[in-house]
């Protein structure tokens, strides 16, 4: 077992984890005793056992927010260069807070610094502020994820001085001190450079959809792709492609608790929640890794795991530098929804926010972890984390930053407050930011560590999908589906259409496979209501509207037949058909299709073009009569589909 620096409560976590796993193993043996039929044919979706650890979920009274609460994104804090002020973006309340740290001169007393809230700045409803940076002229820049702009705030006068409409869905921000520029990475694929004082756009280039963070060092611009955890490395001067980087695959061995033998496990990187500049160049990425190979669905808790790598998803921190290889990082199997981190101890350590572990007394895993930044994976050595002392009754942490002398500032979303601590003692003081509640039981359920070290949002980050094709026992390959189209009214669910409604899906997946507590009807209804508010990010206008218009005509043509099944506002008739792709499958919504690859339930089409040009993948003329389309008509059809 690996001991982590600063860790003082390892025994308690190991004991709790072992006890929970033992309870799960005993329950599984009782239900699936030796000699019993475990075959896929004998299983029905009503065969949900009482595995002993599922119990009612205690969230207090069920609450539905008056207006939509956005899914968790993380990374919504920034410090001024002198560490005297923290800028806080509040996506739930569409506000930005300015808080002074320490004394007005920026010095810190021996105890954690006293803080003072000095401004609350209102944004437009639905702006959903995200990433924040501060330039060297006392200006903060805030990416408005749904506002289609970057808001610029004068920190001296504490007011908005500009709202720059740079792109439809800005995501990452970086300040280029050398050239006095703000670089903006957009979900739609644009990388834009603008003047921080005026918002004037000085350059723009198209990369690919789904961009997340942008980071600079002396030689390169790094842009991350959220779902795949890839890093696009550009030359700093010419902004030309240098290479593409990605965290390495974890290919290791673990003990099998049933057989007592070693087993091979492989985890592939994905979902780059947060990427920061490395202390000596390159980038440090906080990301997830997902298990490759067959995933159990028959046994209770099949998405969990008893090895050091955990269940089907875990977190990891990887340092990446151009032209250099990297060993796989240690698996943080207990860090559920690792949405943000801060580098401390001169970059040698990281403090990780595991939002899925917050705001619930039934979760024993800590919501904050301290881990060695360059800690590599070693077989049979487990990292369980450092109990941060973060008060669980304070709420759910969503972001963290660290000052130059390692004062930590942690943001909680509900209630909205900051906790401030110094060093490894985790002494916590608190500054309330808002008394307006944005609690929503549906949001809570979606982001909760169900019990098997996995949350719904682990595979559906930000309500979308993880771009993965999972190989499920008894089912086969299934690509994760996006939820950003208004879920209610599209029943039955899943590719096979075998989940009649959300209650059945929660019983089968959340309770059964994820080891979750049993939600009551009101909680399931709240989850459905919250999921129904999820929508795809705003899109920029198409480059060629005439091509889109022509493609719409192709789509609607009775001869082609797309609209026969992909009909209505959500582009689905909610039925299942055999369209030549290997069986009878539910018609998926086409909303947000441009950033939903790979396509088809098996993920066999990496691009939309491949969906139409590869008859063994797209189904040929059983899946829309498209073989007669010219290249131009096909291009037009794809142009239209990418706008949905």
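General observations
- Looking only at residues in the stretch 601-633 that are in contact (Cβ under 8 Å) with a residue 40 or more places away in the chain and in contact with a helix residue (DSSP H, G or I) (Cβ under 6 Å, 6 or more places away or on another chain), the one that is surrounded by the fewest Cβ atoms within 10 Å (Cβ to Cβ) is 633.
- Among the residues of the stretch 193-206, those that are buried (at least 21 other Cβ atoms within 10 Å of the Cβ) and in a strand (DSSP E or B) comprise 193, 194.
- Failed item, numbered, when residue 461 is tested on (1) within 13 Å of the chain's Cα centre (by Cα); (2) without any contact (Cβ under 8 Å) to a residue 60 or more places away in the chain; (3) under 30 Å from residue 403 (Cβ atoms): (2)
- Residue match in the stretch 450-460 (condition: surrounded by fewer than 22 Cβ atoms within 10 Å (Cβ to Cβ) and more than 22 Å from residue 274 (Cβ to Cβ)): no
- The numbered conditions (1) modelled with pLDDT under 95; (2) loosely packed, with under 15 Cβ neighbours inside 10 Å; (3) under 22 Å from residue 171 (Cα atoms) are all true for residue 258 except (3).
- Identity of the residue in the stretch 261-296, part of a loop (DSSP other than H, G, I, E, B) and touching a strand residue (DSSP E or B) at 6+ places or on another chain (Cβ under 8 Å), that ends up surrounded by the most Cβ atoms within 10 Å (Cβ to Cβ): 282
- Number of the exception - residue 547 against (1) surrounded by 15 or more Cβ atoms within 10 Å (Cβ to Cβ); (2) in a loop (DSSP other than H, G, I, E, B): (2)
- Unmet criterion (only one of (1) crowded, with 23+ Cβ neighbours inside 10 Å; (2) in a loop (DSSP other than H, G, I, E, B); (3) modelled with pLDDT of 90 or more) for residue 436: (1)
- Residues of the stretch 297-333 satisfying the condition of being surrounded by 24 or more Cβ atoms within 10 Å (Cβ to Cβ) and not in a loop (DSSP other than H, G, I, E, B): 313, 314, 315, 316, 317, 318, 329, 332
- The set of residues from the stretch 141-185 being surrounded by 24 or more Cβ atoms within 10 Å (Cβ to Cβ), under 14 Å from residue 214 (Cβ atoms) and free of Cβ contacts under 8 Å to residues at least 40 places away in the same chain comprises just one member, 185.
- Scanning the stretch 550-568 for residues that are part of a loop (DSSP other than H, G, I, E, B), within 22 Å of residue 486 (Cα to Cα) and without any contact (Cβ under 8 Å) to a residue 24 or more places away in the chain yields a total of 3.
- Search result, residues across the stretch 569-589 that are within 28 Å of the chain's Cα centre (by Cα), buried (at least 17 other Cβ atoms within 10 Å of the Cβ) and assigned to a loop (DSSP other than H, G, I, E, B): 570, 571, 572, 574, 587, 588, 589
- Selection over the stretch 122-140 of residues that are crowded, with 19+ Cβ neighbours inside 10 Å and part of a strand (DSSP E or B) gives a count of 8.
Residue by residue, here is whether (1) at pLDDT 95 or above; (2) in a strand (DSSP E or B); (3) over 22 Å from residue 88 (Cβ atoms) holds:
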position: 151; (1), (2), (3): yes, yes, no
position: 160; (1), (2), (3): yes, yes, no
position: 163; (1), (2), (3): yes, yes, no
position: 174; (1), (2), (3): yes, yes, no
position: 178; (1), (2), (3): no, no, yes
position: 182; (1), (2), (3): yes, yes, no
position: 191; (1), (2), (3): yes, yes, yes
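- Selection from the stretch 606-644 of residues that are in a loop (DSSP other than H, G, I, E, B) and within 28 Å of the chain's Cα centre (by Cα): 606, 607, 642, 643, 644
- Test: residue in the stretch 396-418 that is over 28 Å from residue 70 (Cβ atoms) and either at pLDDT below 85 or assigned to a strand (DSSP E or B) (or both): yes
Rundown of residues vs (1) modelled with pLDDT of 95 or more; (2) in contact with a helix residue (DSSP H, G or I) (Cβ under 7 Å, 6 or more places away or on another chain); (3) farther than 26 Å from residue 567 by Cβ; (4) surrounded by fewer than 17 Cβ atoms within 10 Å (Cβ to Cβ), yes/no style:
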position: 480; (1), (2), (3), (4): yes, yes, no, no
position: 487; (1), (2), (3), (4): no, yes, no, no
position: 498; (1), (2), (3), (4): no, no, no, yes
position: 508; (1), (2), (3), (4): no, no, yes, no
position: 512; (1), (2), (3), (4): no, no, yes, no
position: 518; (1), (2), (3), (4): no, yes, yes, yes
position: 525; (1), (2), (3), (4): yes, no, yes, no
position: 531; (1), (2), (3), (4): yes, yes, no, no
position: 534; (1), (2), (3), (4): yes, yes, no, no
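- Consider the stretch 446-469 and keep the residues that are at positive phi and assigned to a loop (DSSP other than H, G, I, E, B). The one that is modelled with the highest pLDDT is 467.
The values are calculated or read from the model by the stated rules, or taken from the named source; none is laboratory data. Remember, predicted model here, so these are calculated numbers, not experimental data. With ideal geometry, Cβ positions are generated from the backbone for all residues, glycine too; neighbour counts draw on all protein chains shown.
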